[in-house]
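The values are calculated or read from the model by the stated rules, or taken from the named source; none is laboratory data. These numbers were taken from a predicted model, which means no experiment stands behind them. As a convention, Cβ positions derive from the backbone with ideal geometry for all residues, glycine included, and neighbour counts pool all protein chains shown. Heavy atoms of the whole protein, side chains included, go into the accessibility calculation; ligands, DNA and RNA do not. Shrake-Rupley method; radii C 1.70, N 1.55, O 1.52, S 1.80 Å.
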Amino acid sequence: MKQTVRMSVKKMLSCIVVLSVIIAMGTLVCCSSNDNPSNGVPISEKADLVVYGKIFTSDDNKVVEAFAVKDGKYIYVGDKTGAEAYVEAGKTEVVDYTGKGLVMPGCGNGHAHYSMAHSVKLVGATVGLEDNASKFLTEIVPAAVKQARDAGAKTIFGFGWNLHVFESNMPTRQQLDAICSDIPMYFSDNEG
C-alpha cells in the first residue's frame, strides 16, 4: 500500500512538474511577444503593406492618414499611429506619400472623378443644367472662390454646366480672372 501511495505521489509530482514547465514556457512566450515592438498586434495580423499620406476613403468622403493591407484586404484604416502597429520590420512594405498628393481607392479603371466627388464638396461648386453664364459669373463662381479661400485650397473645381445653355455666352478667362486670379479654376461641363 505504501508503495502504491509513493507511486501515486511520484506520478502527481511528475504531472505538476510537467504542467509547471508548460506554464513557464507559455509565460516566456507571452513575455517575449510583449517585448516585441508589435504594439499588442499579433504577428499573424502584421500587414504586407502600410501606406501613409492623405488618403481619401470614399467612406463618407473621409480623409485618413494611413491604411494597412494583409493578403490583399484592408485590415486597418485610420491614423498613422494606429497603422504603425501593423508594421513588422523587414517584412512589411511601407510607402509614405505624406505631402505628395492624394491617395485614392481604385478598381483598376485608369480614371477617377475626383473633381465631381470629394473636391466639389470641399472646394468647388456644382453648376445646374439650367444655370446660365450670368448666374455662373455672379453667384456660382464667387461662392466657389469663397469656399476655396475658407478651406485654404489651391485649386477650385466645378462641374455640371450645360454647353447648350452657355454656348452663346461662354465665360472668358478675363471674366473669371476678374472674380479670382490667384487660385486656378477648373469647371468641367455636365459630360465630365
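The local environment of Glu84, defined by Cβ-Cβ distances under 12 Å, has a net charge of -2 under the rule Lys, Arg +1 and Asp, Glu -1.
Whole angstrom only: what separates the Cα centroid of the stretch 59-80 from the Cα centroid of the stretch 139-164? If we compute the Cα centre of each part, the gap is 29 Å. Subtracting the Cα-Cα distance of Asp79 and Lys62 from 0.36 nm times their residue separation leaves 4.9 nm of extension gain. Distant-in-sequence amide contacts of Asp189, defined by a placed amide H-H separation under 5 Å and a gap of 5 or more residues or a different chain, comprise Gly160.
For the stretch 137-186, the fraction of 1.4 Å probe accessible surface lying on carbon and sulfur atoms is 54 percent. Close amide H partners of Tyr76, meaning residues 5 or more places away or on another chain with modelled amide H under 5 Å apart, are Ala68.
Ordered by solvent-accessible area of protein heavy atoms (1.4 Å probe), largest first, the residues Met104, Met185 come out as Met104, Met185.
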